[in-house]
Each structure stands twice: as C-alpha cells, then as structure tokens.
Ligand code: ADP
C-alpha cells in the first residue's frame, strides 16, 4: 500500500509518498508560493531519478496537487507508474476542536465539521481544508484521512484544559486549552516506550518538542494529561518568534500606550517576540548560539530563558504525574543542539538525571543520552509526523 501524506499551508504544500510495506519514503517535496507565482521541489528517493527544482505556475492548490501527481508518476522524476498506485491520502489538519479525538476518514460530514473548527485556527484550518478539497477534486475516489495536531491532547482532564474564566466561555464558545504538535508527541512517546522495552501503559513520559514552535507534553500511561500550548500555539514556552506565557495585562498596557490594533498586537506576539524579540538577533537557535558565543548578552539571555522555561514546565509535569520515567527531546532544536539538551538537562539533578556527553554529541538517530545509572532516562528521538499520518491513514482505510 502506498500513501501520500499532505501538509497544506496557505501558500505551500509539503508531501511524502510512503510505501507502507517497508515504511520507506519513495519521494518527498514542497510546493511554494501557491497563489503568487509557484515553485516545486520534488525529490525522488528511490530509483536514482533526478530532483526537480523549478518555478512553475501554481495559481491554486489544485494546480499544486496536479503538479505533485504529475511528478510522482512521470517517466523522468516519478516513483510510481500511475495515480492508481496511490492507495490513500493522509492530510495533516491543525485543529480538530473537541470533535476529533482521533484521526478520521474524510467525507462530506467531516468536511463540514472541519469548517466548524475553523474559527479556532483561522490561519491554518482554511489552508488544510483547501488542500483536502483540491486533492479530492484531482484524485477523485481515493480514500482520504484527516490527522489532527490537537487530537492526542483530547485525553487531558478538565483540570488541565480549563481556563479559569467564566464557565460559559467554555460551554458556549469552546474556550479551553487544546494543545498542538500532538502527532509529534504521540510518535516520540510511543517510540520511547519501544526503546525502553516497556508498554507505554506502564510509563510516565515527558516529551519536549523544540523547533520554531515548541511545546511540552506530559504522557501518563500512554495518554496526554497536560501540554504547554493552549487555545492557540502562542502560549507556553518562549519560542522562535512567539512570546509564550504572558500576562494579559501587558497586552492592554501596550495597546493603550502605542495605539496598536489587536491584529498589530498579536502580530508582535506571534512574529516579533520569543527568542527573536529578546535577543534582537534571530529566531534561529544556531544564530543565537553563535551570538552568545561571541559575547552577545541578549542572545545569552534569550537562550537562558528558553532553557529555564523548558525545565520549569518539565518540573510542573513531574509534579502533575507524581514522577517521570523518561524525558524526550525532539524537533529541530531538540534533535540537533547538544548544547541546548545539556543546558536544559542540567536543571534535572533533583530527578537523578545524568547525561552521557558522548551519547549527547550524536545526531540523527534514536538514542538514550542519559547514563545507564541515570534514575530518569533521557532520549533524543527524531520526530516523524508524516509516518504517524501514513500509519493512521493505512489503519483507517484498511
Ligand atoms: P518547525 O517548528 O518549523 O517544524 P523545526 O522543528 O524544523 O521547526 O526546527 C527548526 C529550528 O531548529 C530552527 O529554528 C533552528 O533554530 C533549529 N536548529 C536546527 N539545527 C540546529 C542546530 N544544529 N543547533 C541549534 N538549533 C538548530
């Protein structure tokens, strides 16, 4: 069975074609500047075919999907002989609200329910829906599945997901913590249990997804019990450009003082804050490491804040679960920055964590970076959201 995994953004569309017999990625690619002019980078990963990396007109997502199918099946760049070899499509959808606690086969009712979730993710869900509609138009009856970033977090208890605002805002408007990166937290936590050789139902795990966007998740006996992102992905840790937790009074103060509209204010909090805002250097942790190394105090402060916040949230989840068996680092920063992992782990002495510097210096593999004697184990597990989407799609269409 071959499954196409699609992650549609407002002007971009990422894809992978995965052979589920071997879970091998046959080809992957990215359409960019959809609706502007258009560019496709398509990389076949089997058969020794060349990479296609050129501008081509992509006025809408439909042309983008058609271009992807064309490349996947072409003699020169293709990895399958026709579209009929693609058995199903798995779509990443950002927000499933309280309606979707697991992945679902897409039909007209699901599409209507997705539209209802749009107010919760006004930037992301419309792009996901556009991608699904384009795919259904181009690919006809091929079965499709929606996999939600929020679904894994639907097991949180009320005490973790409620905000302490008048209850009717929850009841009438769905105001609550939803959490994001659920597909990533699900993947790395189940992989961690495999690596530990124990059923996930016997473990208390904390996964730290640290990329441009970052979130932490407490997974108690296989179920998410808390996570750091909230109603939107703006809160929790300070991120590349997002502010993380912030007193709402700051928003009122700044809007009054500088006359910002709410859209201008949220643009500052989403795009100009986080480690970029504090450092004034960059949202990229590699740039921050380099600047801090050169003695830039604000870059150092931004990194220190990030490490401190991760450690603080992990500590709160140890308390929430009354213990922890393993801590997992994943995503761009978590998988690549040994310095970040070491700096965060240095807060975990009270847990009996000991990091093995040799293991911590390795990259690109699932690895335990704590010493064999470490009381709480620490792992680096490269995330693989596409594989989770493909596996869910296979299981649901089968
Ligand atoms: P996204 O949230 O967009 O999916 P990623 O998980 O790809 O992001 O993470 C991207 C981030 O990973 C970049 O901002 C960069 O700071 C960080 N990163 C990548 N490689 C390194 C590295 N070697 N050292 C530190 N940070 C890195």
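A few comments on the model shown:
- Only listed residue being more than 23 Å from the chain's Cα centre (by Cα) and at pLDDT 95 or above, chosen from 328, 355, 389, 369: 355
- Residue 311 in contact (Cβ under 8 Å) with a residue 24 or more places away in the chain and over 18 Å from residue 375 (Cβ atoms): no
- Elements of type helices (runs of 4 or more DSSP H) in the range 327-381, at least 3 residues being within 16 Å of the ligand (Cβ to nearest atom): 331-336, 338-345
- Only helices (runs of 4 or more DSSP H) whose full extent lies in the range 251-310 are considered here, and the ones with at least 2 residues that are more than 24 Å from the chain's Cα centre (by Cα) and on the phi < 0 side of the Ramachandran plot are 262-271, 285-293.
- Selection of strands (runs of 3 or more DSSP E) fully inside the range 16-132 by the criterion of at least 3 residues being within 30 Å of residue 172 (Cα to Cα) returns 88-93.
- Extreme residue, surrounded by the fewest Cβ atoms within 10 Å (Cβ to Cβ), among residues of the range 277-290 that are within 19 Å of residue 214 (Cβ to Cβ) and away from the ligand (no atom under 11 Å from the Cβ): 281
- Test result for residue 310, in contact with a helix residue (DSSP H, G or I) (Cβ under 6 Å, 6 or more places away or on another chain) and away from the ligand (no atom under 14 Å from the Cβ): no
- Selection status of residue 152, in contact with a strand residue (DSSP E or B) (Cβ under 8 Å, 6 or more places away or on another chain) and buried (at least 20 other Cβ atoms within 10 Å of the Cβ): yes
- Within the range 226-250, restricting attention to residues that are outside any loop (DSSP other than H, G, I, E, B) and in contact with a helix residue (DSSP H, G or I) (Cβ under 6 Å, 6 or more places away or on another chain), the residue that is nearest to residue 94 (Cα to Cα) is 227.
- Comparison of 226, 220 shows that the only residue that is within 25 Å of residue 269 (Cβ to Cβ), buried (at least 19 other Cβ atoms within 10 Å of the Cβ) and in contact with a strand residue (DSSP E or B) (Cβ under 7 Å, 6 or more places away or on another chain) is 226.
- Matching entry among 129, 200 (being buried (at least 16 other Cβ atoms within 10 Å of the Cβ), free of Cβ contacts under 8 Å to residues at least 40 places away in the same chain, away from the ligand (no atom under 16 Å from the Cβ) and within 30 Å of residue 70 (Cβ to Cβ)): 129
- Residues located in the range 203-225, provided they are within 16 Å of the ligand (Cβ to nearest atom) and not in a loop (DSSP other than H, G, I, E, B): 207, 208, 209, 210, 214, 215, 216, 217
The values are calculated or read from the model by the stated rules, or taken from the named source; none is laboratory data. Everything numeric in this text was worked out from a predicted model, so none of it was measured. Don't worry about glycine lacking a Cβ; one is built from the backbone with ideal geometry, like all the others, and counts go over all protein chains shown.
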